[in-house]
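Data block below; observations after.
What follows draws every value from the coordinates through simple rules; no lab data is involved. From a predicted model like this one, the values you see are computed outputs, not experimental measurements. As a convention, Cβ positions derive from the backbone with ideal geometry for all residues, glycine included, and neighbour counts pool all protein chains shown.
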Amino acid sequence: MWPDERVVRFVNQHFLPARVHVKEDAAEFKRYGERYNALWTPTILELDAEGVERHRVEGFLPADDLLGQLTLGLAHMAFQQQRWADAERGFRQVVQQFPHTDAAPEALYWAGVARYKATGDAASLKDTARAFTQRYQKSTWATKASVWR
Amino acid sequence: MPIRLKRWNHLVKIRPVCPNAVSEDNAWWIVSDFWTRPGYIQKVATREHAMPIQFRHDVDQVLKDAKAQQKPVLLDFSAAPM
């Protein structure tokens, strides 16, 4: 996944990248592994500027899936910071650019929530529930959104 | 050559110089603020294309830098061959 040009560009553009290697950085791996409860490799954490974990990817993923997860993580970060418009934009970007990944239905759900947070209009939740009748019907996120119909 | 170069426009700054004054092979271009011949453009672009992620291992310092720059950190716990 790391040799993929799109992943390289995305990481370099959006993050300060750091790595602890299980053998080469054994002490650091143990220390940060305990701090962030990361006991398996590969584990990728997206930390906000304060060092707080906002998203986690465990296990290998192909490039599209990884990019979807990384984008989802940034959107979650914006959501946690109550930057609703940025969050919604990021979530919708996941759905548009990586529609066939596991990140997409989760992003569709949270895009609706982000819009609701921004506007207070419950129609955004209804619209999201309706969108789930058209795609990702069998996902857990469709089930979660079904109460909004 | 000009059509192919367009593919690299997102990586390097390229524009033709006096395109009607010289033949294509002898044309000079600007690549990342340096003058160069067309043949060199592909080498520069290929080098940028293959540039890996510059992972840092001084995590404490990375976290400090992240706070100072208000930028997220990607922390990779890895067992991949180095």
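Structure values in brief
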{"quantity": "Chymotrypsin sites (Phe, Trp or Tyr not before Pro) restricted to DSSP loop in region A:68-132 with at most 10 other C-beta within 10 Å", "calculated": "none"}
{"quantity": "Mean separation of Cα contacts under 8 Å, 6 or more apart, over the residue count of region A:5-148: relative contact order %", "calculated": "14"}
{"quantity": "Histogram of C-alpha separations across chain A, 10 Å bin width, %", "calculated": "11, 36, 32, 16, 4, 0"}
{"quantity": "Linear extension gain, residue A:24 paired with residue A:147, 0.36 nm per residue minus alpha-carbon span", "calculated": "39.4 nm"}
{"quantity": "Among A:73, A:33, A:136 - extreme Cα towards positive end, dipole of region A:5-148, charges at beta-carbon", "calculated": "A:136"}
{"quantity": "Loop GluC sites (Glu not before Pro), region A:19-76 (other Cβ atoms within 10 Å of the site Cβ: 16 or fewer; DSSP)", "calculated": "A:24, A:50"}
{"quantity": "Under the span-like rule (Cα at least 20 Å along the axis, Kyte-Doolittle mean at least 0.5), DSSP H helices of chain A", "calculated": "A:63-80"}
